[in-house]
1. What's the number of the condition N316 fails, among (1) free of Cβ contacts under 8 Å to residues at least 24 places away in the same chain; (2) assigned to a helix (DSSP H, G or I); (3) surrounded by 15 or more Cβ atoms within 10 Å (Cβ to Cβ)?
2. Quick check on my filter: what residues within region 259-278 are over 18 Å from D292 (Cα atoms) and either in a helix (DSSP H, G or I) or in contact with an Asp or Glu (Cβ under 6 Å, 6 or more places away or on another chain) (or both)?
3. Closer than 27 Å to K109 by Cα and part of a loop (DSSP other than H, G, I, E, B): which single residue out of I76, I80 fits that description?
4. Please state which one of E213, E174, E183 is of a type outside the set (A, V, I, L, M, F, W, C) and either in contact with a Gly (Cβ under 9 Å, 6 or more places away or on another chain) or assigned to a helix (DSSP H, G or I) (or both).
5. Being in a strand (DSSP E or B) and among the acidic types (D, E) is the filter; apply it to region 228-251 and report the residue that is farthest from S211 (Cα to Cα).
6. K346 versus (1) modelled with pLDDT of 90 or more; (2) of a type outside the set (A, V, I, L, M); (3) closer than 27 Å to N261 by Cα: which is the lone unmet condition?
7. Report whether or not D71 is at pLDDT 90 or above and either of a type outside the set (F, W, Y) or within 24 Å of E44 (Cα to Cα) (or both).
8. V297 fails exactly one of the following numbered conditions: (1) surrounded by 14 or more Cβ atoms within 10 Å (Cβ to Cβ); (2) within 53 Å of the chain's Cα centre (by Cα). What is the number of that condition?
Amino acid sequence: MKILLVDDEKEFLEQTRIFLEREEDRFDIKTACSVDEGLEMFEEGDFDGVVSDYQMPGKDGLDLLKILREDKESDIPFIIFTGKGREDVAIEALNLGADRYLQKGGSPKSQYGVLAHAIKQEIETAQVRELKTAKNQLNRLVSETPTVIFTYEPSDPPKITFLSKNIKEELGFEPEEFKNDFEHWKDFVHPDDLPAVEEKMQELLETGHISHEYRFKDSKGNYHWLHDKQNLLTAESGKKKVFGAWIDISRRKKAENRLKNRAKVERKVSEISSRYAGDYDFDEITDKTLADVGEVVGASRSYLFQFRENGEKMDNTHEWCAEGVSPQIDNLQDLPSDMFPWWMEKLRNG
């Protein structure tokens, strides 16, 4: 604990430093003989607390307190330690944000013991407060991000030690559903992806880190693509803990699939176009083309119709059917075109 001690009496400064460091071996006391010197040291050092006399030439202890609280916007623990026991000074100090107001006097062992206890108590209270604030900020940050954070111990069986609450918003589950049963999450991994996921879990134990993607079912039964990144850390005690993060990449996957499908369609259109150049067997390549079209668009059946009688009638001349689908070509002859207004409108509009 690094303490800044400010007092205009040099002998008292040295005596106080010696006694405090004897009282608590965690104390690292730095001394300043004036407020200005103290402010300069404060800017250069990372202090955990400030102890200041009240009455000093020039700026006094309350001036120092006011500068730290208002100008520096610092909430560092601040104790006034003075021989002037005026009630109005004590009230002003507390109103300005002092944490303690202690009066000098009595036996050195007694007064420095009280001071050392007050310093430790105020610094520890501030540390707890900072930790709580940081935890609240982290929880708020985690709750506002789509990334699900988790930690677990890779024991047998593994034990989840933390799962961020935003899993409820992202996937519809309560954290407790997985905290109580680590293996339960595997029930929601897509069956086709599970073997690869289990291989990655083994890889984590061997390499210390993994990054992979797989499909995961939410509470409503819908699958999401997740990017899962995990790191295995080992403490000095030898205890291991895994830190991980899930992020939903379904939208990215859909965009990637659209691009892949578009490229596939463009390649297939180019391939089909080249078939009708030069000498060819129309029936043979048309059957092949209809099969390619059905595969690309994911249809169960694709057709080619020929119009006659000025477009009033149409006949199905070629048909491709997916496996298990019955042909309908014989039933699709001599059909009035106006039976298919949607098709005809599309044809007229190009």
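The values are calculated or read from the model by the stated rules, or taken from the named source; none is laboratory data. All values reported here derive from a predicted model rather than from experimental measurement. Glycine gets a Cβ as well: all are built from the backbone with ideal geometry, and neighbour counts include every protein chain shown.
1. Single failed check for N316: (2).
2. If the condition is that a residue be over 18 Å from D292 (Cα atoms) and either in a helix (DSSP H, G or I) or in contact with an Asp or Glu (Cβ under 6 Å, 6 or more places away or on another chain) (or both), then L259 is the only one that fits.
3. After applying the criteria, what remains is I76.
4. E183
5. D248
6. (1)
7. For D71, the condition - at pLDDT 90 or above and either of a type outside the set (F, W, Y) or within 24 Å of E44 (Cα to Cα) (or both) - is met.
8. (1)
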